[in-house]
Amino acid sequence: MTVPEPALPVDRLREDGWVRIESDQRVLARLPVVTVHGNTVVYGDDQLRERVTDASGCDRPWRFFFATRVALSPSPPGSIPSMVARIVRSRVRDGFADRLRERGFTDVAQSRRDELRVRSGEHASLTGYRARDSLTCKDGQADLPVEGWVTVWNHDGTFYVAGGAYPVVDLGDVLGIDIGTDPGTFRTELFELIRTVGE
């Protein structure tokens, strides 16, 4: 089954220094009554990456944002049964934790839950995670605490998933360089990007 890519503000992402680093279409889960398919695109903050590389020589992605459009096969008639919706949300959360581990993060643990109102008006279920990222740069190793968020919602019969992760400390302090980063700003920007998915 082919799933269209999620609609994203590509021009805005480009202007803000984000570049597309991955795209993937795959089966996300096989449930007793439906198969869950997803088309995912991932963006990295290339502007931040370049700034840190120039200042420290440590070249790596520091934060990412992703969005997934989900389709069910066979498509259930009418509204999506609440049981299927609950299972999809659970699989999304587990899948995000696995994705963080695949990126090399350790000590991945769910931290809290909240809601986020997206542009289409739905209240999206938001789940936060804490993790650690071991850095190996030219000046040695450092342990970087990170925060990740994933959210899922259903609009007109289509599920959308979005989220990302970012450092929760000032990279200048960790790397010993003259560059300031603000985790609060990173979180705000991530939530704003999540709100634009599906526009």
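On a C-alpha basis, how far is the centre of segment 156-171 from the centre of segment 86-124 in Å? Whole number, if you could?
When both Cα centres are located, 8 Å separates them.
Once you keep just the Cα pairs under 8 angstrom separated by 6 or more residues, what percentage relative contact order results for the chain?
Worked out over the chain, it gives 20 percent.
Is it possible to state the helix-based mean residue ellipticity at 222 nm for the chain, with each DSSP H run of 4+ residues giving -39500 (n - 2.57), the sum divided by total residues, to the nearest 500 deg cm²/dmol? What is it?
-9000 deg cm²/dmol
Relative to the longest principal axis of the chain, what angle (0 to 90°, nearest 10) does the C-alpha long axis of helix 183-196 take?
Helix 183-196 sits roughly 30 degrees off the main axis of the chain.
Just checking my list (1) 18.4; (2) 17.6; (3) 16.9 against Kirkwood radius over Cα pairs in Å computed from this structure; which label fits?
Correct label, based on the coordinates given: (2).
Can you pull a Stokes-Einstein diffusion coefficient for segment 27-144 at 10 °C (1.306 mPa s), Rh from Kirkwood over Cα pairs, as a whole number of µm²/s?
Translational D for this selection: 94 µm²/s.
Could you tell me which of 148, 166, 48 has its Cα farthest along the dipole of the chain towards the positive end, charges placed at Cβ (Lys, Arg +1; Asp, Glu -1), taken about the Cα centre?
Positive-most Cα among the choices belongs to 148.
Might you tell me the accessible area per residue for the chain, computed with a 1.4 Å probe and given in Å²?
Accessible area per residue: 50 Å².
Rounded to the nearest percent, how much of the accessible area of the chain (1.4 Å probe, protein heavy atoms only) is carbon and sulfur?
Roughly 44 percent, rounded to a whole number.
Kindly express, to the nearest 10 degrees and within the range 0 to 90, the angle between helix 46-56's C-alpha long axis and the longest C-alpha principal axis of the chain.
20
So if each residue of separation counts as 0.36 nm, and I subtract the Cα-Cα distance between residue 114 and residue 5, what length gain in nm does that give?
So the chain would gain 36.7 nm between residue 114 and residue 5.
Find which of 4, 90, 66 sits farthest along the positive direction of the dipole of segment 1-118, computed with +1 on the beta-carbon of Lys and Arg, -1 on that of Asp and Glu, about the Cα centre.
90
Quick check: pseudo-label points 7 Å beyond the Cα along Cα→Cβ at residue 182 and residue 33, how many nm apart are they?
For the pair residue 182/residue 33, the computed spacing is 4.7 nm.
Amide H to amide H under 5 Å from residue 64: which residues, 5+ apart in sequence or cross-chain, H placed 1.01 Å off N in plane?
Correct list: 165.
The values are calculated or read from the model by the stated rules, or taken from the named source; none is laboratory data. Everything quoted here is computed from the prediction, not taken from an experiment. As a convention, Cβ positions derive from the backbone with ideal geometry for all residues, glycine included, and neighbour counts pool all protein chains shown. Each accessible area value is taken on the protein alone, full model and side chains, heavy atoms only, with ligands, DNA and RNA left out. Shrake-Rupley method; radii C 1.70, N 1.55, O 1.52, S 1.80 Å.
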